[in-house]
Amino acid sequence: MRALQIADLSGPESALKEVDLPEPEASHPLTPGSGVLIDVHAAGVSFPEVLQTRGQYQIQPDLPFVPGSEVAGTVRSAPEGSGLAEGDRVASCCMLGAWAEVAVGPDFLTFKLSDELDYAQGSGLILNYHTAYFSLVMRGRLKEGETALVHGAAGGVGTATLQVAKGLGARTIAVVSSDEKERIAREAGADEVVRSDGAWKDEAKELSGGGVDVVIDPVGGDRFTDSLRSLAENGRAVVVGFTGGSIPEVRVNRLLLNNLEVVGAGWGAFVMGKRDVNREIGEAVNRLVDEGFVRPIVGARFKLEQASEALKLIDERGATGKVVLELR
Ligand SMILES: NC(=O)c1ccc[n+]([C@@H]2O[C@H](COP(=O)([O-])OP(=O)(O)OC[C@H]3O[C@@H](n4cnc5c(N)ncnc54)[C@H](OP(=O)(O)O)[C@@H]3O)[C@@H](O)[C@H]2O)c1
């Protein structure tokens, strides 16, 4: 089968190599001896793969390896009791190995794909939308009628968070850096959009009538202190990622003075092996698909052999919505 490998750690432009590999067995490292074998139609591209081409991500297998953490496609074979059968359209979080014609997903992270979504949308469903639901609901305890401020709101996690928050009955304020990203955030249903290089903290306080209830932050960096300042009493700042490049530090007196919480949201680490939690999140996300709230926004589409361009786009901060490799 055709596949791409990260062959060295020279960065997005040069680290990838196209190879011909034997097709995988129906066995996944998380479920040894068992796995859902999938004919890949589309594979997602995300920030971690950019980091992996530089050896900077926490999941860094020995070289060379096939990257790609999520796919959408059709089931070739599925373990008994998984509820999946040959020919089913699915979305799967396979962790690695997605950038190939055939991939293997663990059954507990493979979900039937609604007919409402195409394969490209399906390849952007699990990582971003499950993270969004986990961050908003299970970590941020977002309730109907509350206001959520979303950083990096035109990105993969950002657009997913806007849609999920809306589906949960919350009001959303998106923080973005450009006109084009503002357009994407509005397409994702943002109620309000503010600019990261403007007075966003004051605007957010005004728009929310004194402070937001939840901040979802996949960006980190210098803006974190202003995120805390934008929260209302009992507000929760949820730490999701650090695309801004630096890990913020918190002066905890701010938490005491305003009765705030900083909460970590590490979806992958939390849900691993927890079938019930994955089922709960999968059902909630599929319900939001059926209700029309969740529609992954696909930005750039590339062929497998163009994956370096896809990585560069993300690395240079030009990506909007989900970046996808289309294989079939
Ligand atoms: N915690 C979890 O469980 C979990 C799960 C999935 C992903 N993540 C993490 O969440 C983060 C976001 O992922 P994503 O897929 O949404 O990324 P993405 O689509 O590339 O979007 C990230 C956004 O970050 C903003 N940004 C600010 N400074 C940036 C910089 N120096 N370089 C690049 N982007 C910058 C950009 O928005 P503006 O230009 O508008 O500022 C961009 O749209 C990543 O760190 C990822 O590893 C965490």
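Considering only Cα-Cα distances, which of the following residue pairs are longer than 21 Å: 112/303; 181/322; 205/322; 17/181; 181/201; 143/166?
Checking Cα-Cα distances, 112/303; 205/322; 17/181 exceed 21 Å.
Once Rh is set to the Kirkwood radius over Cα pairs, what Stokes-Einstein translational diffusion coefficient, in µm²/s, holds for region 256-328 at a temperature of 37 °C and a viscosity of 0.692 mPa s?
It comes out at roughly 208 µm²/s.
For a quick protection proxy, order the peptides 119-129, 18-28, 3-13 by their average other-Cβ count within 10 Å, most packed first.
In descending order of packing, they fall as 119-129, 3-13, 18-28.
Rounded to the nearest 5, what is the percent of antiparallel bridges among the DSSP beta bridges in the chain?
Counting DSSP beta bridges with both partners in the chain, the antiparallel share is about 55 percent.
Would you please calculate the Kirkwood hydrodynamic radius of region 1-121 over all C-alpha pairs and express it in Å, rounded to one decimal?
Result for region 1-121 stands at 14.4 Å.
Using only alpha-carbon positions, what ratio does the radius of gyration of the chain give when scaled by 2.2 N^0.38 Å?
Here the answer is 0.97, to two decimals.
Run the reach check for residue 312 against aspartates and glutamates, Cα to Cα strictly under 19 Å, same-chain hits fewer than 8 apart removed. What comes back?
Here the aspartates and glutamates satisfying the reach criterion relative to residue 312 are 8, 13, 18, 49, 70, 180, 326.
Straight-line reach from residue 274: which aspartates and glutamates have a Cα under 15 Å away, not including same-chain ones fewer than 8 places off?
Output for residue 274: 107, 283.
What number, rounded to the nearest 500 deg cm²/dmol, is the helix-based mean residue ellipticity at 222 nm of the chain, given -39500 (n - 2.57) per DSSP H run of at least four residues and division by all its residues?
When only DSSP H runs of four or more count, the value is -6500 deg cm²/dmol.
Can you give me the accessible area per residue for region 274-320, using a 1.4 Å probe, in Å²?
54
The values are calculated or read from the model by the stated rules, or taken from the named source; none is laboratory data. Computed from a predicted structure; not experimentally measured. Positions of Cβ are backbone-derived with ideal geometry, glycine not excepted, and every protein chain shown enters the neighbour counts. Ligands, DNA and RNA are stripped out before the accessible areas are found, and what is left, the full protein with its side chains, is counted by its heavy atoms. Shrake-Rupley method; radii C 1.70, N 1.55, O 1.52, S 1.80 Å.
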